[in-house]
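Input: a single structure, listed below in structure tokens.
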Amino acid sequence: QFPFGRRLPCDIYWHGVSFHDNNIFSGQVNKFPGMMETVRKITLSRAMRTMQDLFPLEYNFYPRSWILPEELPLFVAEVRVMKDSDPSWKPTFIVKPDGGCQGDGIYLIKDPSDIRLTGSIQSRPAVVQEYICKPLLMDKLKFDIRLYVLLKSLEPLEIYIAKDGLSRFCTEPYQEPTLKNLHQVFMHLTNYSLNIHSENFIHSDSVNTGSKRTFSSILCRLSSRGADVKKLWSDIISLVIKTIIALTPELKVYYQSDIPAGKPGPTCFQILGFDILLMKNLKPMLLEVNANPSMRIEHEQELSPGVFENVPSPVDEEVKVAVIRDTLRLVDPQKKKRKDAQANICLCLPCPKGFTEFPCLYREGMKDKQHKHHSLKLSLKLKFYLKLGSCPSLEHVPESSESLLDAVPAERPEAAGPRGPEAGLPSLCLKQVFPKYAKQFGSLRLVDRVAALFIRFLGVKGTTKLGPTGFRTFIRNCKLSNSNFSMAAVDILYIDITRRWNSMGIDHKESGMCLQAFVEAFFCLAQKKYKSLPLHEQVASLLEFCEGHLAALDEKRLLWGWG
């Protein structure tokens, strides 16, 4: 553990919070630049809305959303129109602060007028969504699913999903929202950090009972009722892939800014936490994506007033140890070229508070309050087991660091012979879903191609905003200006859209047009050029038009270079 960073290079860096925890120039790091910003509630809602505009049927797994305060008038107007057209519609809405986590600041309302119009809504923007009133219940309780998703690579896109997850239960029997029960958080909000304070919360030693269970135990119960579990898993995989496809354009802009092409830098991977709610008809709905899902495998138990002890959580250990272990197996830099037993893999953990992010790799050291001792034991265990490649279960880690140092690889039969270094490990709990299913979802990656155009014309490496010159160059090179769309009109389009997005409080660190604004401008150009087509066909047609002109231009430049 290196709270202040590490000068010597490592193969793998495990950062506690974000990509920028430490300056690194090689190896692999477990965070993508910009991931925290990309999965914030407002940014996620904008990305999902863009995809819903293009593919409304494909992206109907995300609740209808409005962004506060800028879309408050729109929210009020749209709700009024829907109520007028259907008087029987009695909706409930959930308000979520943009930067909130662990249920902080979330509340339910029945009418737009109930939004708490205090100074906080200006200083702390929020997303308001249609509340899902008819969730699937288990034992009369509402629950959600936390699934772990590994984004192993951005280019090419590579996605893995853990075969098991967590089911987090409310602690009061569910009733559909009414004015009387709107404020009962233990009934409506599934957040573990809230429900753990309920007197009804049950810590269980079994993965099948209690207020936190494995997702596989839920699937078993559903299967016993005759539910189509295979279809449910298929729908969840589809939801995950489509969500990542919606997020990758923004991530690529951040990535090229921090790790410019052609310059030395690390490669990235990241474990994400997907929070999913099942409706009564078993349709999965995306609630949010967490960039830093908790990897704790214990909970605090109060022994006496003010005195707490960390107690192991079998459910968390069942799921999270496997996710961490198999992530490391997948990103192991020695996997392809391992010819000797010394896989030189180190982990850099710049996390001053100790093990908030990486506690699940061992358990017995938790009772020791000395972080330095923790670090030594963790370091020794990881280096030993990754060199040896044979750790059947992290529960069986030897008690003392001396026994690790004294161990000899030849004495471990699973590490010897032609069976390979992973022969003693369980099969991978992480299942690849992309590019495995790329054919089914490749057509959805239109905004990815728009982002590629945006990045091409950024000009200055390290920036995330497109200046007016870059936008004009894009228009000229793609031959989009004509007698009906002059360069003066181009400038007006750029100024209008950029000014509006900047007024929304989108990153004022640098001036210019952000990716979302460029996407809006591109959609506007597509609608002008191909008026009779649906939006996704308009965008696809304009992309082919632009990419064709740019390919021809690149070919000319290549020929000029040869000349």
- Item | Matching option when the condition is open to solvent by 30 Å² or more (accessible area, probe 1.4 Å) and either in contact (Cβ under 8 Å) with a residue 60 or more places away in the chain or touching a strand residue (DSSP E or B) at 6+ places or on another chain (Cβ under 9 Å) (or both), among Leu74, Leu57 | Leu74
- Residue in segment 114-125 that is surrounded by 17 or more Cβ atoms within 10 Å (Cβ to Cβ) and within 26 Å of the chain's Cα centre (by Cα) present: yes
- Task: Give the residue, chosen from Ile145, Ile94, that is closer than 30 Å to Trp501 by Cβ, open to solvent by less than 30 Å² (accessible area, probe 1.4 Å) and among the aliphatic types (A, V, I, L, M).
- Result: Ile94
- Of the conditions (1) touching a helix residue (DSSP H, G or I) at 6+ places or on another chain (Cβ under 8 Å); (2) buried (at least 16 other Cβ atoms within 10 Å of the Cβ), Leu282 fails just one. Which one is it? (2)
- Neighbours by Cβ (under 7 Å, 6+ apart or cross-chain): first from segment 547-558, within 15 Å of Ile475 (Cα to Cα); second open to solvent by less than 50 Å² (accessible area, probe 1.4 Å): His549/Asn477; His549/Cys478; Leu550/Asn477; Leu550/Cys478; Leu553/Asn477
- Item | Residue in segment 223-236 that is within 22 Å of Asn290 (Cα to Cα) and buried (at least 20 other Cβ atoms within 10 Å of the Cβ) present | yes
- Can you name the residue in segment 195-228 that is hydrophobic (A, V, I, L, M, F, W, C) and either at pLDDT below 90 or part of a loop (DSSP other than H, G, I, E, B) (or both) and, of all such residues, is farthest from Glu302 (Cα to Cα)? Ala227
- Inter-residue pairs, beta-carbon under 7 Å, first farther than 17 Å from Thr469 by Cα and in contact (Cβ under 8 Å) with a residue 24 or more places away in the chain and in segment 508-527, second of a type in the set (Lys, Arg) and assigned to a helix (DSSP H, G or I), 6+ apart: Gln516/Arg46
- Give, as residue ranges, the strands (runs of 3 or more DSSP E) completely inside segment 230-327 that count at least 2 residues that are over 23 Å from Ser211 (Cβ atoms). 270-278
- Note on the structure: In segment 512-540, residues that are under 20 Å from Phe457 (Cα atoms) and not aliphatic (A, V, I, L, M) total 8
- Would you point out the residue of segment 3-20, among those that are within 23 Å of Gln334 (Cα to Cα) and touching a residue at least 40 places away in the same chain (Cβ under 8 Å), that is surrounded by the most Cβ atoms within 10 Å (Cβ to Cβ)? Tyr13
- Tell me, yes or no, whether segment 37-46 has at least one residue that is at pLDDT 95 or above and farther than 21 Å from Gly273 by Cα. no
- Message: With the requirement that a residue be touching a Pro at 6+ places or on another chain (Cβ under 9 Å) and outside the structural domain of Val149 (by the TED database), what does segment 18-50 give you?
- Response: Ser18, Phe19, His20, Asp21, Asn22, Ile24, Phe25, Ser26, Gly27, Gln28, Val29
- Message: Condition (residue is in contact (Cβ under 8 Å) with a residue 40 or more places away in the chain, touching a Leu at 6+ places or on another chain (Cβ under 7 Å) and not β-branched (Val, Ile, Thr)) applied to segment 489-504: is it met by at least one residue?
- Response: no
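The rows are residues; the columns are (1) of a type in the set (Lys, Arg); (2) outside any helix (DSSP H, G or I); (3) surrounded by 14 or more Cβ atoms within 10 Å (Cβ to Cβ); (4) modelled with pLDDT of 95 or more.
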{"residue": "Leu425", "(1), (2), (3), (4)": "no, yes, yes, no"}
{"residue": "Val433", "(1), (2), (3), (4)": "no, yes, yes, yes"}
{"residue": "Val450", "(1), (2), (3), (4)": "no, no, yes, yes"}
{"residue": "Thr463", "(1), (2), (3), (4)": "no, yes, yes, no"}
{"residue": "Trp501", "(1), (2), (3), (4)": "no, no, yes, no"}
{"residue": "Ile506", "(1), (2), (3), (4)": "no, yes, yes, no"}
{"residue": "Glu510", "(1), (2), (3), (4)": "no, yes, no, no"}
{"residue": "Phe518", "(1), (2), (3), (4)": "no, no, yes, yes"}
{"residue": "Phe522", "(1), (2), (3), (4)": "no, no, yes, yes"}
- Check whether at least one residue in segment 540-563 is open to solvent by 50 Å² or more (accessible area, probe 1.4 Å) and in a loop (DSSP other than H, G, I, E, B), and report yes or no. yes
- Task: Could you give me the residue pairs with C-beta distances under 6 Å whose first residue belongs to segment 260-284 and is more than 25 Å from Ser153 (Cβ to Cβ), whose second residue is basic (Lys, Arg) and in a strand (DSSP E or B) wherever it lies, and which are 6+ apart or on separate chains?
- Result: none
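The values are calculated or read from the model by the stated rules, or taken from the named source; none is laboratory data. What you see is a predicted model, and the numbers here were worked out from it, not measured in a lab. Glycine gets a Cβ as well: all are built from the backbone with ideal geometry, and neighbour counts include every protein chain shown. Ligands, DNA and RNA are excluded from the accessible area calculation, which covers all protein heavy atoms including side chains. Shrake-Rupley method; radii C 1.70, N 1.55, O 1.52, S 1.80 Å.
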